[in-house]
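Below: the structure, in structure tokens.
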Amino acid sequence: MGIEFTALHWIYVVFIVLIIGFMVKRHDTTLICVLGIFMLAIVATGDLTLSISGVFNSFIYAITELLSTILIISIIVAMSRVMMTAGINEVMIAPFTKFIKTPTLAYWTIGLLMMLISWFFWPSPAVALLGAVLLPVAIRAGLPALGVAMAMNLFGHGIALSSDFVIQGAPKLTADAAGIPVGEVVSASIPLVITMGVVTTITAYIFLRRDMRRGTLLLNTANDTAENTEQATVKNLLSVGQKRFFALLIPIAFIVDVIAMSVFKLQGGDATALIGGTSVFILLLLSVVAHKKEGLEKTTSYLIQGFQFGFKVFGPVIPIAAFFYLGDAGFTQIIGDHLPATSHGIVNDLGVGLAAVVPLTKEIAVITLAVVGAITGLDGSGFSGISLAGSVGSLFGNAIGGSTATLTALGQITAIWVGGGTLPPI
């Protein structure tokens, strides 16, 4: 049975081109996405009131789909704030400072530690947890501050954020846009993440050592001012013994979570819920023990800070995700059953139609997804455009008859490496 193309399909294509064009120019695409949602709704229903309502309903749909991800990030950020306030991060990181004796050990120790912590705490909070403690130690070991920044960026905002194996915020966005399970994107991304991570970190290390030998990258003469300043902001809320206890308890709790995920085969929302629930209990426990009588009020304060961070990150993502959800099952739920009876969703229809018109190969699909991913990252967010990468991955996957998960993972990785803080737009 052939695919019947309608005005809805062509409107979707036009707005995808517009979105890509605005991203190339590094303009915000929220207005274009809202207009795209409205145009699809007005053409499908012919009703102005329903079309205006459709824009709002699409936002509700996107928030509902993303809510678990927003919640987990917000809660983890809230937990990291109380850890820093109580000084637990310093005790937790202190054992690793003993390994930082040379510039080489400093680069790889900081990088690997940043990657591990970023998988559980998200890169931005991880920078705060690690930076103030490890920067002075690395400088004393002979690694310039720029080398510390390189290691934290490549391993945190690069490897950890683009893979996002634990929290699974990035895979959920791309998987939802592609209409495939989150687990498929995570599995497909593993070899890509390893390849990208090995190449970039080793290359960066080689160039770093070269510049240090040439003297073009000078060692900072900084003292421990940064460390002392950070310590001055930390109140003596916990005793040394309490800090050590929590510094041991927190990683053990998350290790147990990882083991439980493996044993009970938890993925996607189930894995996110386990990490989130653990983080909530740690947050409550730390707040009560550290702030005692003020624990109840402080818990709310930390949660507010966490939610502010979460919605600040996902604020630009919601309207873009809302548009791309219309390319799949979201269309029927948001606007209604207005597609042809033979349709399998706008993106799937376009993929089948593209395959019938243009001879596509896997090589062309790979190059296209890499370019699209890089373009979506040019706005400097990394997350705002990965729904586009998922949608295009689904389109090309249907066109070439498979590899949707791999293409989607490739678009996700290139988008986040360019826009997530590793390669900031100029």
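The values are calculated or read from the model by the stated rules, or taken from the named source; none is laboratory data. Note that the coordinates shown come from a computational prediction; the quantities given were computed from them, not determined experimentally. Ideal geometry is used to build each Cβ from the backbone, glycine not excepted, and the neighbour counts take in all protein chains shown. Heavy atoms of the whole protein, side chains included, go into the accessibility calculation; ligands, DNA and RNA do not. Shrake-Rupley method; radii C 1.70, N 1.55, O 1.52, S 1.80 Å.
Residues are listed down the side, and each one gets a yes or a no for (1) at pLDDT 85 or above; (2) under 19 Å from Gly330 (Cβ atoms); (3) touching a Cys at 6+ places or on another chain (Cβ under 7 Å); (4) surrounded by fewer than 24 Cβ atoms within 10 Å (Cβ to Cβ):
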| residue | (1), (2), (3), (4) |
| --- | --- |
| Phe383 | no, yes, no, no |
| Ser387 | yes, yes, no, no |
| Thr408 | yes, yes, no, no |
| Ile416 | yes, no, no, no |
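Considering every residue within segment 74-83, establish whether at least one is touching a His at 6+ places or on another chain (Cβ under 9 Å), within 21 Å of Gly295 (Cβ to Cβ) and not in a loop (DSSP other than H, G, I, E, B). Yes, segment 74-83 has at least one match.
Filtering segment 193-214 for residues that are open to solvent by less than 50 Å² (accessible area, probe 1.4 Å), without any contact (Cβ under 8 Å) to a residue 40 or more places away in the chain and in a helix (DSSP H, G or I) leaves a non-empty set. Annotation note: of Leu296, Leu354, Leu303, Leu339, the sole residue that is among the aliphatic types (A, V, I, L, M), outside any loop (DSSP other than H, G, I, E, B) and under 28 Å from Val34 (Cα atoms) is Leu354.
Is at least one residue of segment 11-26 at pLDDT below 95 and over 22 Å from Leu369 (Cα atoms)? No - not one qualifying residue is present in segment 11-26. Take segment 371-419 and flag every residue that is under 22 Å from Gly156 (Cβ atoms) and in contact with a Lys or Arg (Cβ under 7 Å, 6 or more places away or on another chain). Those that are under 22 Å from Gly156 (Cβ atoms) and in contact with a Lys or Arg (Cβ under 7 Å, 6 or more places away or on another chain): Leu378, Asp379. Here Met114 does not fit the description of being under 24 Å from the mean Cα position of the chain (by Cα), open to solvent by 10 Å² or more (accessible area, probe 1.4 Å) and under 20 Å from Val198 (Cα atoms).
Of the residues making up segment 167-192, those that are more than 15 Å from Trp417 (Cβ to Cβ), open to solvent by 30 Å² or more (accessible area, probe 1.4 Å) and of a type outside the set (Val, Ile, Thr) number 7.
Any residue that is of a type in the set (S, T, N, Q), out of contact with any helix residue (DSSP H, G or I) (no Cβ under 8 Å at 6 or more places or on another chain) and farther than 28 Å from Leu388 by Cα - is there at least one of those in segment 84-92? The answer is no, given that none of the residues of segment 84-92 is of a type in the set (S, T, N, Q), out of contact with any helix residue (DSSP H, G or I) (no Cβ under 8 Å at 6 or more places or on another chain) and farther than 28 Å from Leu388 by Cα. Looking across segment 374-411, the residues that are part of a helix (DSSP H, G or I), over 20 Å from Phe22 (Cα atoms) and among the hydroxyl-bearing types (Ser, Thr, Tyr) come down to Ser394, Thr404, Thr406, Thr408.
Within segment 359-373, the set of residues being open to solvent by less than 80 Å² (accessible area, probe 1.4 Å) and either touching a strand residue (DSSP E or B) at 6+ places or on another chain (Cβ under 6 Å) or assigned to a helix (DSSP H, G or I) (or both) comprises Ile364, Ala365, Val366, Thr368, Leu369, Ala370, Val371, Val372, Gly373.
Looking across segment 85-133, the residues that are over 16 Å from Ser279 (Cα atoms) and in contact with a Phe, Trp or Tyr (Cβ under 7 Å, 6 or more places away or on another chain) come down to Leu105, Tyr107, Thr109, Gly111, Leu112, Leu113, Met114, Met115. Only one of the listed residues (Pro123, Pro144) is within 25 Å of Pro95 (Cβ to Cβ) and touching a His at 6+ places or on another chain (Cβ under 7 Å). That residue is Pro123. Could you tell me whether Thr332 is outside any helix (DSSP H, G or I), out of contact with any Cys (no Cβ under 7 Å at 6 or more places or on another chain) and more than 17 Å from Phe15 (Cβ to Cβ)? In short, no. Test Thr49 against the stated conditions and say whether it is in a helix (DSSP H, G or I), polar (S, T, N, Q) and within 28 Å of the chain's Cα centre (by Cα). Here the answer is no, as Thr49 does not meet what is asked.
Residue-wise test of (1) open to solvent by 60 Å² or more (accessible area, probe 1.4 Å); (2) farther than 30 Å from Asn348 by Cα; (3) in contact (Cβ under 8 Å) with a residue 40 or more places away in the chain; (4) in a helix (DSSP H, G or I).
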| residue | (1), (2), (3), (4) |
| --- | --- |
| Leu248 | yes, yes, no, yes |
| Thr272 | no, no, yes, yes |
| Thr278 | no, yes, no, yes |
| His291 | no, yes, yes, yes |
| Phe309 | no, yes, yes, yes |
